[in-house]
Amino acid sequence: MSIKAEEISALIKKQIENYQSEMKVSDVGTVIQIGDGIARAHGLDNVMAGELVEFSNGVMGMAQNLEENNVGIIILGPFKDIREGDEVRRTGRIMEVPVGQELVGRVVNSLGQPVDGLGPIATTRTRPIEGGAPGVMDRKSVHEPLQTGIKAIDALVPIGRGQRELIIGDRQTGKTSVAIDSILNQKDQDMICIYVAIGQKESTVRNAVETLRKHGALDYTIVVTASAASPAPMLFLAPYAGITMGEEFMHSGKHVLVVYDDLSKQASAYRELSLLLRRPPGREAFPGDVFYLHSRLLERAAKLSDAKGGGSITALPFVETQAGDISAYIPTNVISITDGQIFLQSDLFFSGVRPAINAGLSVSRVGGSAQIKAMKKVSGTLRLDLAAYRELEAFAQFGSDLDKATQAKLNRGARTVEVLKQDLNKPLNVEKQVMIFYSLTKGHLDDIPVTDIRRFEGEFLSWLDHNHTELLDHIRTTKGLPEDDAMKAAINEFKKTFVKSE
Amino acid sequence: MSYSTVAKRYALALFSIAKEQNQLEAIEQELRTVKSVFIQNKELSILLENPKFSTDKKKDMLKEAFSSVSVPVLNTLLLMTDRHREDQVVGVVDAFIELSNEARGIAEAKVYSVRALTEDEKTAISASFAKRIGKQSLRIENVIDENILGGLKVRIGNRIYDGTLAGKLDRLERELVR
């Protein structure tokens, strides 16, 4: 970029000429208490709840508690050089973040400022971070699928565009991997993904960004990060900033996937703020409005009606549980707000079932209507198969004499579990998922040894790619299953070439 | 401006007494003196808040020190001593002044300027700003501040009307830097 001194001088000259020499009127207050990222100010008459205020050193704050004698302010930035007695000025604005296509591919903080070292972002538009959710008439029921590329999710707990599906589980159960894989699978789906990292280690965020970059997913992804080192207000605001950026795309008719990783940290940050602002603590010391904190956020995810452009925001909020306790305060709150949950279990994870999805406790309340027809057909009996298997599994450990039907159920179950396993960062197209589930549910895998199932799957799918693309194309274009005979023929043809390991 | 709830209560009570006895001006004048005494002698409030010093002694001292003030003001001070609200005296005075200003339709204003304002200038400022905020006149306190470079800065309550050269340059700087 070349900078010409004359141009700049001309610009400044114009600005000086047009400079309004009028008086500036501002409402001010005085800081009477400061500490822990919270300031209390005296004065500041007529300040609005949620309004931005400016301290004398240029740091911004957000008015939170309006009391008779003072205003509680959360500070959005370094608060070390704010002193008691400093002036606080009203700005008359409420908090906004930059929005627009320019943000895609960037890593920003809760205020929309870049933190990836790639220079300023040339956005032209902003949106207030707190806004109403779309109303009843603006919405449409969820009907398009959001393919996560994870077999266990797409088959058992399908997610539709505009849905809010909670991902819940203990620490280290692969929650983030599920989200990253889902984002990776949105390539060529005309989706914008927003990954909001709340209270994560900087190194973890870096890893996630690198994974996205490596798989080319950063071209359609915005990463909003408020790391563990950021003050609590940033953690509290990050999800709102994320969904605000998403809303801009939704209202222009695009489809957006927002991942909040994770909301329990946001709730903790909000608890910290609320306690410092001296709001009365309630259950688990959370403030009274912690439910509203999450409900107003998740209500903004929606499938818009055709009149409104038909865009959507799908939300994948995360909640971390302690020792699998989903009846704690935040998990129950968020479960009741969302349209279903995916429950990840640590004992499944350690027994090698990855993704460690507990099919019994995971549900999707609206996603079923968003599945494609072919998938609906092949996955219909999957859940029952799995449930029957889990029931018999414990029971069959004692006796060896089992009747044929029981044996068959056990065999099928073991293979189902095998098929649902999936490697990290290897999302699978829906047509391939349908093919492998078809083989499973129609019993074509029953004579393959359990240990060979995953190898069979891999080889079968790449064989299909080379020999029977018409089957895959048929599923992709018509969304229905091809003729049974054609499917059976293809599977049997492959089985002839497949070498069992024993 | 907002004061502590306690200060407002005392001020309101004293204000209604002053109005009943038609002594608004006199009592306000006395209270201003009381406030300046309290502000100038920091030791006074420290002494009054000292628990080792008996309430009777504090009251005797107040009676002696403020022997010239009217009965309602002195009684207020004594009552506040009895109730251990000695720390609120300045707040009560501020709240009282606000109430009486409200009643008379005037407002306090701090005017920052580079040199001392003449009386004519003060009246002109008072006239133009009073209209702006819907009051009849302003009670102007002139503050000399070299740092504003030029122009005027008027502070009424918590609202600042900034017409100074320094403020303009500041805003210009911000616009250019952005």
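Of note:
- Rounded to 5, the percent of DSSP beta bridges in chain A classed as antiparallel: 55
- Charge tally in the Cβ shell below 10 Å around residue A:474, where Lys, Arg are +1 and Asp, Glu are -1, residue A:474 excluded: -2
- Separation of alpha-carbon centers, segment B:18-93 and segment A:130-177, rounded to whole Å: 67
- When both segment A:367-423 and segment B:99-176 are represented by their alpha-carbon centers, they are found 80 Å apart.
- The amide H of residue A:257, built 1.01 Å from its N in the peptide plane, has A:192, A:193, A:194, A:314 as neighbours under 5 Å, considering only residues 5 or more places off or on other chains.
- Per principal axis, descending, Cα span of segment A:418-502 in whole Å: 38, 31, 23
- Cα centroid separation, segment A:59-97 to segment A:240-270 (Å): 24
- Angle in degrees between helix B:71-82 and the longest Cα principal axis of chain B, rounded to the nearest 10: 80
- Once C-alpha pairs closer than 8 Å and six or more residues apart are averaged by separation and normalised to the residue number of chain B, the relative contact order reads 21 percent.
- Ranked by solvent-accessible area (1.4 Å probe, protein heavy atoms only, all chains present), the residues A:292, A:389 order from largest to smallest as A:292, A:389.
- Residue A:284 contributes an accessible area of around 90 Å² to the protein surface, as traced by a 1.4 Å probe with all chains present.
- Among A:30, A:501, A:162 - extreme Cα towards positive end, dipole of the protein assembly as shown, charges at beta-carbon: A:162
- Equivalent ellipsoid of segment A:251-292: semi-axes from √(5λ) of the C-alpha gyration tensor, largest first, are 29, 11, 9 Å.
- Sorting A:24, A:214 by accessible area puts them as A:214, A:24; the probe is 1.4 Å, largest comes first, and only protein heavy atoms count.
- Each residue, residue A:347 and residue A:377, gets one label point 7 Å from its Cα in the Cβ direction; the gap between the two is 3.8 nm.
- Relative contact order of segment B:5-101, pairs being alpha-carbon contacts under 8 Å that are 6 or more residues apart, as %: 51
- The heavy atoms of residue A:130 offer some 60 square angstrom of accessible surface to a 1.4 angstrom probe.
- Cβ charges +1 (Lys, Arg) and -1 (Asp, Glu), total dipole of segment A:1-154, debye: 460
- Contact order relative to length of chain A, as percent, for alpha carbon pairs under 8 angstrom and 6 or more apart: 15
- Peptides B:136-143, A:99-106, ordered by how many other C-beta atoms sit within 10 Å of their residues on average, highest first, read A:99-106, B:136-143.
- Sequence-distant aspartates and glutamates (8 or more away, or on other chains) whose Cα lies within less than 16 Å of residue A:254: A:102, A:138, A:144, A:188, A:190, A:219, A:306
- The ratio of the alpha-carbon radius of gyration of segment B:106-177 to the globular-protein estimate 2.2 N^0.38 Å is 1.16.
- Taking 22 Å as the straight-line reach from the Cα of residue A:265, the lysines in range (excluding those fewer than 8 positions away in the same chain) are A:175, A:201.
- Translational diffusion coefficient of the protein assembly as shown (Stokes-Einstein, Kirkwood radius from Cα pairs, 37 °C, 0.692 mPa s): 108 µm²/s.
- Exposure rank, largest accessible area first [B:42, A:421; 1.4 Å]: B:42, A:421
- Cross-link partners of residue A:24 among lysines (Cα-Cα below 30 Å; sequence separation of 8 or more within a chain): A:13, A:14, A:80, B:110, B:122, B:131, B:135, B:153, B:168
- Per-residue mean of foreign Cβ neighbours for B:159-167 is 4 (Cβ atoms of other chains, 10 Å radius).
- For segment B:120-129, putting each phi into the Karplus relation 6.51 cos²θ - 1.76 cosθ + 1.60 with θ = phi - 60° gives couplings of 4, 4, 4, 5, 4, 4, 4, 4, 6, 7 Hz, in residue order, rounded to whole numbers and with x for Gly and Pro.
- Per-residue Karplus couplings for segment A:246-252, computed as 6.51 cos²θ - 1.76 cosθ + 1.60 with θ equal to phi - 60°, are listed in order as x, 4, 4, 6, 4, 6, 9 Hz, Gly and Pro entered as x.
- Area accessible to solvent at residue A:470, 1.4 Å probe radius, in Å²: 100
- Diffusion of segment A:334-413 by Stokes-Einstein, at 4 °C in a medium of 1.567 mPa s and with Rh set to the Kirkwood radius over alpha-carbon pairs, works out to 88 µm²/s.
- Principal-axis tilt of helix A:263-276 within chain A, Cα atoms, nearest 10 degrees: 30
- Angle of helix A:404-420 to the longest C-alpha principal axis of chain A, folded into 0 to 90 degrees and rounded to 10: 40°.
The values are calculated or read from the model by the stated rules, or taken from the named source; none is laboratory data. Note that the coordinates shown come from a computational prediction; the quantities given were computed from them, not determined experimentally. A quick note on method: Cβ atoms are made from the backbone with ideal geometry, for glycine too, and the neighbour counts reach across all protein chains shown. Note: accessible area is taken over every heavy atom of the protein model, side chains too, but ligands, DNA and RNA are not part of it. Shrake-Rupley method; radii C 1.70, N 1.55, O 1.52, S 1.80 Å.
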